[in-house]
Structures are given as C-alpha cells and as structure tokens.
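Taking it in order: structure first as structure tokens, then the write-up.
The values are calculated or read from the model by the stated rules, or taken from the named source; none is laboratory data. None of these values were measured; they are calculated from a predicted model. Cβ coordinates were reconstructed from backbone atoms using ideal geometry, including for glycine residues, and neighbour counts include every protein chain displayed.
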Amino acid sequence: MNTPMATVAMDDQFAQGLPQRLFVRTMVNLRTSFTWAWLDTKCQYRRSRIGPLWETINVAVMVSGLALVTSGLFGGNIGDLIGYIGLGIIIWSAISTLVIEGCSTFVRNTGQILSSNISIDLYVGRTVSKALIIFAHHLALYLVGLVFGLVPLTWISALAIPGILLLFLNGSFVVTILAFICARYRDLELIIRNLLQVAFMVTPVFWNYQLIGAHRKFIVDYNILFYFVQIVRLPLLGEVPSAQIYLVAIGTTVVTFFVAVLTYYKMRRRLAFFL
Amino acid sequence: MSHISLKNAGVQLPIYDSHSLRLLRLPSFGRAKVGTQAVSHAGSTMIIHALSDVSLELADGDRVCLIGSNGAGKTTLLRLLAGIYAPTSGSIGVEGKVYAMLGNNMLLNNDATGYENIQLIANLYHWPKGKMADFIRDIEEFTELGEYLSLPVRIYSAGMQARLAFAMGTAHTPDILLVDEGIGAGDAHFQQQAQDRIHRFLGTARIIVLASHSVELCRKICTKAILLSKGREVFFGDIEEAFRLYSEPVN
C-alpha cells in the first residue's frame with residue numbers, strides 16, 4: 001500500500017519509532033512488562049495447581065523419551081546423554097516459545113491494542129518476559145540434574161548467564177520482527193510453526209553434532225539456532241564456548257536488532273490497520 | 001496545558017486479504033462495490049475511507065461529545081486521537097497525557113483480582129508509586145465494590161467492570177480522557193456518580209472526548225459536540241446546535 005503518510009506531531013506514540021531509540025525503550029520497558037507477565041503467571045497458577053510447571057513436566061517426559069531413543073540409535077551411556085539432551089530441550093523450548101508466541105504477540109492482543117493507548121513495546125516485552133519465566137521453571141530440571149550428578153557444576157557454568165541474556169536479547173528483537181510481520185501476513189505464523197518443527201530435527205538439540213558426516217556438516221555449521229543453543233548449553237556442561245560461537249551469536253543479535261528497527265520503522269504506523 | 005489539533009486529518013483503512021501474498025487465488029472481497037465515496041482501490045488492496053478531512057482545535061476545559069449514526073467514524077476518530085491509528089492524510093498534534101478507554105477496558109486480566117488489576121493499570125500507565133495508597137482508596141470509594149475487589153474480575157457483572165474501568169481511567173487524572181460508550185454499561189446510580197466524577201475531574205481543566213448515543217449523558221457532561229456523518233465532519237461547535245442538526249432528516 002502506498003498511501004502517503006502525513007507528518008505527525010504527536011509526542012511519543014509514533015515518533016517513538018525512531019530507530020536508535022528502540023534499544024533504549026526495550027530496556028526501559030523491561031520492568032513494566034515483566035510485572036505484567038508475572039501477573040499472567042500468577043493467574044495461571046491460580047487456575048491450575050502447578051501452573052506452568054505442567055510444561056516443565058512435558059519437557060522432562062520428552063527428555064527421557066529422547067534420551068532413551070538416542071542412546072539406542074547412536075549408542076552411548078544414557079546417563080551421559082541425558083544432561084546434553086535435557087539442556088538442549090530446555091533451551092530449545094525457550095527458542096520455540098519465543099518464536100511461536102512472538103508470531104501471535106500483536107494478533108492475540110488485537111482488542112487491547114485497538115482499545116487502549118499503552119506502548120506496543122509492552123506487548124513484546126510481555127511475550128519475552130513470559131518466555132523467560134517459563135524458561136526459569138524449566139531450569140528446575142537443571143537443578144534436579146545437578147543433584148543427581150548428571151551435569152557438572154563448575155565456575156564455567158556461570159558463563160551460561162551471559163549466554164541466556166544474549167539468547168533473550170536476540171529473542172526480544174526476533175519477537176518484534178515476527179509480531180509485526182505475522183500481523184500483516186497471517187499465513188506466516190503457520191509456515192513458521194512448520195519450519196520450527198523441521199528446525200528441531202535439523203538442529204543438534206538431542207543428537208550429537210560430532211556424529212554428523214563431513215558432507216552434511218553444513219547443517220551444523222550454518223545453523224544459527226545451534227550457536228544459540230551452544231552458548232547456554234556448553235558452559236552448563238563444563239565447557240567454555242569457542243570465540244567463534246560467541247561471535248556468531250553476537251553478530252546475529254546485531255543483525256536482528258537492525259532488522260527489528262527496520263520492521264518497526266516500516267510497519268509501526270500501520271500496525272493498527274493490520275489488526 | 002493540554003491541546004489537541006487536527007488539520008484535515010483523515011484515516012483510510014486498508015482491508016488486507018490473502019491476495020497480498022498472492023500464493024493462490026482464492027475467493028476474496030474482489031466483488032465488493034468500489035469507487036464509491038466510502039471505498040476505493042489502491043492496487044489490489046481495498047481502502048475504506050473511515051475518516052476524511054477532519055479539522056479540530058481542542059484546549060483545556062473542552063468537553064466534547066462525538067455524535068453520529070453507526071459507522072459515522074466516531075471510534076475511528078477516538079482511535080486517531082489516542083494514537084492507535086496514524087493519520088493517512090493531514091496531521092495531528094496531541095499535547096498531554098492521554099488515557100483511552102475505548103470499549104470496556106480490555107487490559108484487565110480476568111483471572112486477576114480487582115486490586116491486582118489496579119496495580120496492573122498503574123504499572124502499565126506509570127502511575128507514581130508514592131501515591132498508590134491514595135489511588136486505591138479513591139477507587140475503592142468510587143466503585144463501591146467492597147470485597148469484590150479481592151475477587152477475580154471475571155465474576156464481575158458488565159456494570160461492575162465498567163465501574164472499575166472508569167474509576168481507573170480517572171484515578172490518576174489524565175490530561176486527555178477518551179471514552180467510547182464505556183459509561184453506558186452502568187446503572188443510573190453509577191451514571192450519576194460518573195458525571196459527578198467527571199465534573200470534579202474537570203475542575204482541573206482537562207479535555208474529555210466522549211462518544212455516546214445517549215443524548216442525556218452527552219448533555220450532562222459535554223458543552224461541545226462534533227457531528228460526524230459517513231466519516232466526514234458535519235459540524236463542530238455548540239452541543240445543542242449539533243443535536244438539532246443531528247435530529248434533522250438527512251436529505
């Protein structure tokens with residue numbers, strides 16, 4: 001649509017689309033949107049006895065199943081595999097929550113966006129915070145793994161914290177992009193859901209990346225999602241991620257940031273028209 | 001000082017359909033009658049002329065109601081003022097803190113209690129933390145909901161929800177209040193209370209824009225009116241004059 005857009009003198013509703021300020025706003029809104037997501041979580045606990053922990057149980061069941069199958073297929077001790085696979089699935093579920101919830105962030109809140117004038121960044125922040133809260137629930141499984149000695153605890157484990165921050169920072173930009181694009185093109189959410197299933201198989205989440213044949217190594221080397229899995233998983237397994245892994249993850253975050261800025265710039269004014 | 005200024009502002013709503021993706025040709029709105037005053041084409045997308053050429057100047061103390069038949073553009077104009085829609089032609093300038101209450105306040109979390117929802121709105125609209133106790137007391141007094149405030153909002157009747165939403169919209173006095181039929185849901189007692197509250201609220205000289213089909217309500221709250229018809233501004237000025245024009249048969 002090429003309808004000319006008039007200039008707006010409105011103080012911050014649309015002027016806030018100024019690209020360079022997106023990052024600052026993301027940080028400023030952090031607390032507000034986290035409180036919002038926290039209330040959602042509280043209400044979830046109220047309606048079901050263990051609330052979001054059901055999802056954690058799903059993760060635990062899935063990890064056990066996959067560990068059983070993988071050890072059968074590729075050999076290896078199930079005790080060694082379960083730490084690798086478990087952490088992989090926990091991180092993957094964060095990625096998948098961010099992507100799936102990201103797609104529906106604006107569409108799901110159509111009524112609220114059209115009837116109130118709070119900043120739309122808060123909806124993005126709510127989605128990201130919710131994913132973070134669910135991720136924190138899943139980390140309970142990590143603690144169980146620690147107790148049973150399935151994963152080591154060393155100083156290197158602390159390196160997972162910047163990894164998690166990077167994962168969710170990149171996640172918040174990805175959510176911004178997906179939220180806008182999926183509000184405009186409704187078919188995309190379904191396509192992305194499909195792709196995500198394929199990505200789960202293709203990414204070394206539950207299978208060992210070292211076992212892949214040389215002629216298929218590109219599946220691992222060019223898979224950006226794998227790098228994000230590794231920046232969190234490797235430290236928790238007691239390994240320091242290589243500089244290459246960090247460079248790819250940071251580089252990707254910079255790129256998604258600028259794509260988010262561009263998306264915001266191109267689509268912010270028309271968002272309400274999409275809904 | 002709060003101020004609203006619209007200069008020839010218009011909103012054209014595109015109707016997006018799957019054609020924009022053009023993967024498959026599926027039945028669409030292609031056969032709708034176009035080329036009329038209300039609908040036109042831009043490429044493959046249909047455009048609804050929801051609002052055209054509206055010019056307004058509102059300043060502190062202005063209490064304006066929007067009148068017009070269904071589909072006249074009242075909600076579109078409120079959304080434009082709230083910054084939900086960007087103008088597709090002309091320009092808009094809004095100075096002051098806006099609180100938009102369009103429809104029942106959808107931001108309420110139905111599983112959370114009344115008190116939790118007050119905290120939620122306070123959080124989302126950045127109410128000053130130090131004055132929270134005052135806000136809560138004020139809302140308790142106005143809504144008269146008593147122990148219901150400790151129960152989940154989902155069990156409230158429509159009127160009770162309207163009370164809570166209205167109380168929150170006016171607790172931390174915004175500079176500009178935009179209301180769309182929100183007050184209509186309450187009983188007579190609530191309507192009276194809402195009017196009192198708005199009058200008190202106006203003691204601090206702010207702008208209110210209210211869309212309502214209730215002539216009585218408009219008369220009690222507002223002094224000016226904007227008469228809309230088919231997305232165009234027919235009249236802006238004295239409320240009685242606007243109602244006289246509105247009641248005239250359209251020719």
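What single numbered condition from (1) more than 26 Å from A:F218 (Cα to Cα); (2) away from chain B (no Cβ under 14 Å); (3) at pLDDT below 90 fails to hold for A:F206?
So A:F206 meets the others, but not (1).
Matching residues to (1) within 11 Å of chain B (Cβ to nearest Cβ); (2) at pLDDT 85 or above; (3) over 14 Å from A:S119 (Cα atoms):
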{"residue": "A:T3", "(1), (2), (3)": "yes, no, yes"}
{"residue": "A:T7", "(1), (2), (3)": "yes, no, yes"}
{"residue": "A:A15", "(1), (2), (3)": "yes, no, no"}
{"residue": "A:T26", "(1), (2), (3)": "no, no, no"}
{"residue": "A:F34", "(1), (2), (3)": "yes, yes, yes"}
{"residue": "A:L39", "(1), (2), (3)": "yes, yes, yes"}
{"residue": "A:T56", "(1), (2), (3)": "no, yes, yes"}
{"residue": "A:V63", "(1), (2), (3)": "no, yes, yes"}
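Cβ-Cβ below 8 Å, separation at least six or inter-chain, first residue in the range A:21-32 and surrounded by 15 or more Cβ atoms within 10 Å (Cβ to Cβ), second not in a helix (DSSP H, G or I): which pairs?
These pairs meet every condition: A:R25/A:S119; A:N29/A:S119; A:T32/B:H126.
Are any residues in the range A:99-117 more than 7 Å from chain B (Cβ to nearest Cβ) and polar (S, T, N, Q), and if so, which ones?
Answer for the range A:99-117, where residues must be more than 7 Å from chain B (Cβ to nearest Cβ) and polar (S, T, N, Q): A:S104, A:T105, A:N109, A:T110.
Test of understanding: among B:A100, B:A165, which residue is part of a helix (DSSP H, G or I) and at pLDDT below 90?
B:A165
Would you say A:R216 is surrounded by fewer than 16 Cβ atoms within 10 Å (Cβ to Cβ) and over 22 Å from the mean Cα position of the chain (by Cα)? Explain how you work it out, then say what you get.
Details: surrounded by fewer than 16 Cβ atoms within 10 Å (Cβ to Cβ): yes; over 22 Å from the mean Cα position of the chain (by Cα): yes.
In short, yes.
In the range A:171-190, which residues are buried (at least 18 other Cβ atoms within 10 Å of the Cβ) and not aliphatic (A, V, I, L, M)?
The answer is A:G171, A:S172, A:F173, A:T176, A:F180, A:C182, A:R184, A:E189.
Considering only residues that are assigned to a loop (DSSP other than H, G, I, E, B), within 14 Å of another protein chain (Cβ to nearest Cβ) and at positive phi, look in the range B:42-97 and name the one that is surrounded by the most Cβ atoms within 10 Å (Cβ to Cβ).
B:G83
Looking at A:V254, is it among the aliphatic types (A, V, I, L, M), surrounded by fewer than 18 Cβ atoms within 10 Å (Cβ to Cβ) and part of a helix (DSSP H, G or I)?
Answer is yes for this residue.
So if I check each of A:Y185, A:Y222, A:Y209, which one is under 30 Å from A:M27 (Cβ atoms) and free of Cβ contacts under 8 Å to residues at least 40 places away in the same chain? Explain how you work it out, then say what you get.
Values: A:Y222 fails: under 30 Å from A:M27 (Cβ atoms); A:Y209 fails: under 30 Å from A:M27 (Cβ atoms).
Matching residue, one of A:Y185, A:Y222, A:Y209: A:Y185.
Kindly list the number of the only condition in (1) farther than 30 Å from B:L13 by Cα; (2) under 17 Å from the mean Cα position of the chain (by Cα); (3) of a type outside the set (D, E) that fails for B:G159.
(2) is the only condition that B:G159 fails.
Just to be sure I understand, how many residues within the range A:148-198 are under 22 Å from A:A249 (Cβ atoms) and among the acidic types (D, E)?
Total satisfying the criteria: 0.
Just to verify a result, which residue in the range B:106-143, among those that are in contact (Cβ under 8 Å) with a residue 24 or more places away in the chain, assigned to a helix (DSSP H, G or I) and polar (S, T, N, Q), is farthest from A:Q44 (Cα to Cα)?
This residue is B:T143.
Return yes when A:N208 is surrounded by 15 or more Cβ atoms within 10 Å (Cβ to Cβ), out of contact with any His (no Cβ under 6 Å at 6 or more places or on another chain) and polar (S, T, N, Q) and no when it is not.
no
Tell me which residues, restricted to the range B:221-242, are surrounded by fewer than 17 Cβ atoms within 10 Å (Cβ to Cβ) and in a helix (DSSP H, G or I).
B:E240, B:E241
How do the helices (runs of 4 or more DSSP H) wholly within the range A:67-123 filter down when requiring 3 or more residues that are modelled with pLDDT of 95 or more and not acidic (D, E): which remain? Full working, then the answer.
Working: elements: A:78-103, A:105-108, A:110-115.
Here the list reads A:78-103.
Looking only at the range B:210-251, how many residues end up being among the hydroxyl-bearing types (S, T, Y) and either within 20 Å of B:V179 (Cα to Cα) or under 19 Å from the mean Cα position of the chain (by Cα) (or both)?
So the count comes out to 4.
Output the number of residues of the range A:124-170 satisfying the condition of being more than 17 Å from A:L98 (Cβ to Cβ) and either of a type outside the set (S, T, N, Q) or in a helix (DSSP H, G or I) (or both).
22
Conditions (1) out of contact with any helix residue (DSSP H, G or I) (no Cβ under 6 Å at 6 or more places or on another chain); (2) surrounded by fewer than 19 Cβ atoms within 10 Å (Cβ to Cβ); (3) within 29 Å of B:V94 (Cα to Cα), marked per residue:
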position: B:N110; (1), (2), (3): no, yes, no
position: B:G114; (1), (2), (3): no, no, no
position: B:Q119; (1), (2), (3): yes, yes, yes
position: B:A122; (1), (2), (3): yes, no, yes
position: B:K131; (1), (2), (3): yes, yes, yes
position: B:L149; (1), (2), (3): no, no, no
position: B:G159; (1), (2), (3): no, yes, no
position: B:A167; (1), (2), (3): no, no, yes
position: B:L177; (1), (2), (3): yes, no, yes
